[in-house]
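Enquirer: To start, I am sharing the structure in question, which I have written as structure tokens.
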Protein chains: 2
Amino acid sequence: MITDKSPLAPAEFATLGTVGGTQPRVSRAHYKQWDRCDLTFVELGEGTTAAGVTTQSRCPSPEVEWCRDAMTHGKARALIVNAGNANAFTGNRGRAAVEAIAAKVSGHLGCEPHEVFIASTGVIGEPLPIDKAEAGLEAAFSAPEASWEDAALAIGTTDTFPKGATASAVIGDTTVQISGIVKGSGMIAPDMATMLGFIFTDAAIDAGFLQEMLSRVTAKTFNCITVDSDTSTSDTVLVFATGKAGNVPITSFDDAGADAFAAALEQVCLDLAQLVVRDGEGASKFIEITVQGAESDESARRIGLSVANSPLVKTAVAGEDANWGRVVMAVGKAGEPADRDRLSIRFGATQVAKDGLAVEGYDEAPVAAHLKGAEIEIGVDLGIGNGRATVWTCDLTHGYISINADYRT
Amino acid sequence: MITDKSPLAPAEFATLGTVGGTQPRVSRAHYKQWDRCDLTFVELGEGTTAAGVTTQSRCPSPEVEWCRDAMTHGKARALIVNAGNANAFTGNRGRAAVEAIAAKVSGHLGCEPHEVFIASTGVIGEPLPIDKAEAGLEAAFSAPEASWEDAALAIGTTDTFPKGATASAVIGDTTVQISGIVKGSGMIAPDMATMLGFIFTDAAIDAGFLQEMLSRVTAKTFNCITVDSDTSTSDTVLVFATGKAGNVPITSFDDAGADAFAAALEQVCLDLAQLVVRDGEGASKFIEITVQGAESDESARRIGLSVANSPLVKTAVAGEDANWGRVVMAVGKAGEPADRDRLSIRFGATQVAKDGLAVEGYDEAPVAAHLKGAEIEIGVDLGIGNGRATVWTCDLTHGYISINADYRT
């Protein structure tokens, strides 16, 4: 599926730090009529803790329900990811496929079924074929260890490039590694969770605290991106901590190294989230929207997402048009506290509107130059409080229409 | 601006019933560099009552604020509509322009300024030039009476065809007429109000009751359409009742003919609202989404709009793809009560998903045939209650991108 790579893609896949206690393998389950790896099996060492966040959709996939239950146990020995079939909205047959996968993997590893985390992505409404899944698992069990780039490719669907990010942190006198992969390109409007993202660390972290950190970090990273305002039925971000680095286990923010680890985790999540935006369907420009002066941080985030989700703002950016009137419109429709006569708007470094009206005779040249670039900054200052947030999105182009008016067929 | 007429446009402008006590006139104020009428002046007879609904945007135009104040008086002698400049986000200079227009018209007619209703539409952020407005008003005062089609053309901006609707009702032994015009094509996601719509009736109706009826009717008509999920700063629907038909004035639903009038008003509003969707920017298909079995009518409306605003649903329809998985996604993201395993979905007359999974071997031929047409019906049954709603939208095509990536320049 890696054709017509997004113009916003990084030059190459990041070199991910090695995480002890993780072994990725990939295989061909042939979920669609293609000749590519579409099943990913990551074996995790004994003692691995797990945490996750999942979609707020009222119609979640059986995989999402499975992971929610598995998270309550907080222990993991394996991650299975199927690409090409989301297995969502498939009734009992979808649930049976998830249970069959968990049974087969737990039998192979000699672990509990709830230590097997499962995610699927692709078309909605077709039950995942159990026979293909089982054959794919058999092939994966005996496959040689794969690279993280191989795994990042195998979990993708409409993605145009594989996505990974890495960071390290020092806990006591131990350096721990955090490496993650993510897939996503369309149906991206996370709400407490997002697309499929998998993060691995060799740090030893208590499962409950891992969950607390992930939820906190998600609010500022995955939950601050949008491609098209559409929230998937299958969004899942999981983090696994194998403990192989040998640090003193972290159980709360009072522990030495907890803040450093949380910061590194946030950096990896932010990198992964932004990579999803950079692969937004049809994207030609990466847009960062910074909102300040709002009544609260949450209000700022909602206003930022209202701007980021506005088709008229996104098409204006695609057209390299400094149409700040559309930004005003999007702020106004957010339903959050705002005072039209205190509102200021910036494109790049140039203030174009201030205190409720256009800046008289502002210099249009730097604005035009900024909009011709591929990295666009829009600043909104509400002027009524101290709330702030930054969100990221991409523009809306003919490419999005072309991709989505003919996806399934 | 009437180029490339929408393929969903009606064959011709409706023949609007004559409404005594109304005299439309149009003129060229040259708000933009074009040679077309862009100022509309409708003189209303003495004794005309007025009601209206306006945008919920937190950044409304000064015209919207003016109309809100004028509505509290409930009396009208004139309506002025400016096209090509929305006068929104223009600070004190925008307010000054509105006051200047009201002063000039009230001087001409010998009425109170608050009996002059004013609406403007077009680019945001440029103060309406007072000199052009005053010259345009002078020209309109002495212009010959215009047709409603002329007025419908003069209030348009990116509209590709003029839009009008008409109905009559019997009150006692008097037949009254309701005729309206509307403009709108993009930035359409009404929330308690919408775009610019103007409805005229010769019935005698108490202003307070007129407001009550309009609010009730708007909830089922203008508030049930969307083109692109973007809510305008200038949305305004006004209704004027001249009383020239001579019926016994209506003051409540207890009065004879009130129900008939309300039904006729709803029909006109529905026709106008649907005409806006039929002129949705880039639209190639008109989509009716009926939601039933929801927890409440309001919940059904929210779910319907979530489906109607989903870029992935809209592009699937554009691509004539029966991708009901995207409908499931949009139901799921609405945040309203839903049970995945009771959800059913229909395209045209064909049930494609029932009780949470695909209908085994449903006949794809009638679905494909239905999707090839220009009038698409999607049915959603939540299966959990008695709430129902119908909403209307259009598909999302390359045309929308082309129009909006290069509008202002």
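Enquirer: From the residues in the stretch B:277-319 that are more than 18 Å from A:Asp228 (Cβ to Cβ) and among the aliphatic types (A, V, I, L, M), which one is modelled with the lowest pLDDT?
Expert: B:Val277
Enquirer: If you check A:Val64 against the conditions, is it part of a strand (DSSP E or B) and more than 30 Å from A:Ala318 (Cβ to Cβ)?
Expert: Judged against the criteria, A:Val64 is not a match.
Enquirer: Next up: Could you list, in sequence order, all residues of the stretch A:94-128 that are in a helix (DSSP H, G or I), more than 14 Å from chain B (Cβ to nearest Cβ) and not hydrophobic (A, V, I, L, M, F, W, C)?
Expert: Hits for the stretch A:94-128 are A:Glu99, A:Lys104, A:Ser106, A:Gly107, A:His108, A:Pro113, A:His114, A:Glu115.
Enquirer: Right, next: For the structure I just gave you, tell me whether B:Val359 is surrounded by fewer than 18 Cβ atoms within 10 Å (Cβ to Cβ) and in contact with a strand residue (DSSP E or B) (Cβ under 6 Å, 6 or more places away or on another chain).
Expert: yes
Enquirer: Right, another one. Would you check if there is a residue in the stretch B:113-128 being of a type in the set (Phe, Trp, Tyr), in contact with a strand residue (DSSP E or B) (Cβ under 6 Å, 6 or more places away or on another chain) and crowded, with 22+ Cβ neighbours inside 10 Å?
Expert: Within the stretch B:113-128, one or more residues are of a type in the set (Phe, Trp, Tyr), in contact with a strand residue (DSSP E or B) (Cβ under 6 Å, 6 or more places away or on another chain) and crowded, with 22+ Cβ neighbours inside 10 Å.
Enquirer: In the stretch A:1-54, how many are of a type in the set (Val, Ile, Thr) and over 24 Å from A:Ala203 (Cα atoms)?
Expert: The number of residues fulfilling the criteria is 3.
Enquirer: Is at least one residue of the stretch B:332-352 hydrophobic (A, V, I, L, M, F, W, C), closer than 27 Å to B:Ser402 by Cα and either within 12 Å of another protein chain (Cβ to nearest Cβ) or touching a strand residue (DSSP E or B) at 6+ places or on another chain (Cβ under 7 Å) (or both)?
Expert: Scanning the stretch B:332-352, I find no residue that is hydrophobic (A, V, I, L, M, F, W, C), closer than 27 Å to B:Ser402 by Cα and either within 12 Å of another protein chain (Cβ to nearest Cβ) or touching a strand residue (DSSP E or B) at 6+ places or on another chain (Cβ under 7 Å) (or both), so the answer is no.
Enquirer: Based on what the data block shows, is A:Asp271 facing chain B (nearest Cβ under 9 Å), in a helix (DSSP H, G or I), touching a strand residue (DSSP E or B) at 6+ places or on another chain (Cβ under 9 Å) and not β-branched (Val, Ile, Thr)?
Expert: Considered against the rule, which asks whether it is facing chain B (nearest Cβ under 9 Å), in a helix (DSSP H, G or I), touching a strand residue (DSSP E or B) at 6+ places or on another chain (Cβ under 9 Å) and not β-branched (Val, Ile, Thr), A:Asp271 comes out as no.
Enquirer: Please work out which one of (1) out of contact with any helix residue (DSSP H, G or I) (no Cβ under 6 Å at 6 or more places or on another chain); (2) outside any strand (DSSP E or B); (3) touching a residue at least 24 places away in the same chain (Cβ under 8 Å) is the condition A:Val42 fails and give its number.
Expert: If we test A:Val42 against (1) out of contact with any helix residue (DSSP H, G or I) (no Cβ under 6 Å at 6 or more places or on another chain); (2) outside any strand (DSSP E or B); (3) touching a residue at least 24 places away in the same chain (Cβ under 8 Å), just (2) comes out false.
Enquirer: Within the bounds of the stretch A:382-394, is there any residue that is among the small types (Gly, Ala, Ser) and over 29 Å from the mean Cα position of the chain (by Cα)?
Expert: Yes, that holds for at least one residue.
Enquirer: Next question. Please specify each residue of the stretch A:216-236 satisfying the condition of being surrounded by 24 or more Cβ atoms within 10 Å (Cβ to Cβ) and acidic (Asp, Glu).
Expert: Passing the criteria: A:Asp228, A:Asp235.
Enquirer: Could we say that A:Glu377 is within 26 Å of the chain's Cα centre (by Cα), part of a loop (DSSP other than H, G, I, E, B) and among the acidic types (Asp, Glu) here?
Expert: Considered against the rule, which asks whether it is within 26 Å of the chain's Cα centre (by Cα), part of a loop (DSSP other than H, G, I, E, B) and among the acidic types (Asp, Glu), A:Glu377 comes out as no.
Enquirer: Sticking with this one: Tell me, yes or no, whether the stretch A:72-87 has at least one residue that is among the small types (Gly, Ala, Ser), within 14 Å of chain B (Cβ to nearest Cβ), surrounded by 24 or more Cβ atoms within 10 Å (Cβ to Cβ) and touching a residue at least 60 places away in the same chain (Cβ under 8 Å).
Expert: yes
Enquirer: Mind checking which residues of the stretch B:67-83 are of a type in the set (S, T, N, Q) and part of a strand (DSSP E or B)?
Expert: Once the filter is applied, which keeps residues that are of a type in the set (S, T, N, Q) and part of a strand (DSSP E or B), the stretch B:67-83 yields only B:Asn82.
Enquirer: Still on this structure, I have one more. How many of the residues in the stretch A:129-173 are crowded, with 21+ Cβ neighbours inside 10 Å, out of contact with any helix residue (DSSP H, G or I) (no Cβ under 8 Å at 6 or more places or on another chain) and in a helix (DSSP H, G or I)?
Expert: Final tally of qualifying residues: 7.
Enquirer: Let me ask something additional. Exactly one condition in (1) closer than 30 Å to A:Ala283 by Cα; (2) more than 9 Å from chain A (Cβ to nearest Cβ) is not met by B:Asp395; state its number.
Expert: It fails just one condition, (2).
Enquirer: If the requirement is being outside any strand (DSSP E or B), more than 7 Å from every other protein chain (Cβ to nearest Cβ), surrounded by fewer than 24 Cβ atoms within 10 Å (Cβ to Cβ) and among the β-branched types (Val, Ile, Thr), which of these qualifies: A:Val307, A:Val327, A:Val367?
Expert: None of the others qualify; the one that does is A:Val367.
Enquirer: Could we say that A:Pro24 is out of contact with any Gly (no Cβ under 8 Å at 6 or more places or on another chain) and in a loop (DSSP other than H, G, I, E, B) here?
Expert: Spelling it out, it is not the case that A:Pro24 is out of contact with any Gly (no Cβ under 8 Å at 6 or more places or on another chain) and in a loop (DSSP other than H, G, I, E, B).
Enquirer: OK, next. If you scan the stretch B:219-268, which residues turn out to be within 25 Å of B:Pro62 (Cβ to Cβ) and not in a loop (DSSP other than H, G, I, E, B)?
Expert: B:Phe222, B:Asn223, B:Thr236, B:Val237, B:Leu238, B:Val239, B:Phe240
Enquirer: Next question, about the same structure. Here's a check for you: in the stretch B:118-164, which residue that is within 18 Å of A:Gly325 (Cβ to Cβ) and among the hydroxyl-bearing types (Ser, Thr, Tyr) is modelled with the highest pLDDT?
Expert: Looking at residues that are within 18 Å of A:Gly325 (Cβ to Cβ) and among the hydroxyl-bearing types (Ser, Thr, Tyr), I get B:Ser120.
Enquirer: Here are A:Glu281, A:Glu288, A:Glu295: which of them is over 25 Å from A:Ala368 (Cβ atoms), surrounded by fewer than 24 Cβ atoms within 10 Å (Cβ to Cβ) and touching a strand residue (DSSP E or B) at 6+ places or on another chain (Cβ under 9 Å)?
Expert: Every option except A:Glu295 fails the conditions.
Enquirer: Pairs please, first residue from the stretch A:231-246 and touching a residue at least 24 places away in the same chain (Cβ under 8 Å) and within 14 Å of chain B (Cβ to nearest Cβ), second anywhere and surrounded by fewer than 24 Cβ atoms within 10 Å (Cβ to Cβ) and of a type in the set (Asp, Glu), Cβ atoms under 6 Å, 6+ apart in sequence or on different chains.
Expert: Once the first residue is touching a residue at least 24 places away in the same chain (Cβ under 8 Å) and within 14 Å of chain B (Cβ to nearest Cβ) and sits in the stretch A:231-246, its partners that are surrounded by fewer than 24 Cβ atoms within 10 Å (Cβ to Cβ) and of a type in the set (Asp, Glu) give A:Thr231/A:Asp191.
Enquirer: Here is a follow-up. Would you please name the residue that is modelled with the lowest pLDDT, looking only at residues in the stretch B:353-364 that are on the phi > 0 side of the Ramachandran plot and at the interface with another protein chain (Cβ under 10 Å from one of its Cβ atoms)?
Expert: In this case the residue turns out to be B:Gly356.
Enquirer: Take the conditions touching a residue at least 24 places away in the same chain (Cβ under 8 Å), surrounded by fewer than 24 Cβ atoms within 10 Å (Cβ to Cβ) and more than 15 Å from B:Glu112 (Cα to Cα) and apply them to B:Ala51. Does it pass?
Expert: No; evaluated as a whole, the condition is false for this residue.
The values are calculated or read from the model by the stated rules, or taken from the named source; none is laboratory data. All values reported here derive from a predicted model rather than from experimental measurement. Positions of Cβ are generated from backbone atoms using ideal geometry, with glycine treated the same way; all protein chains shown enter the neighbour counts.
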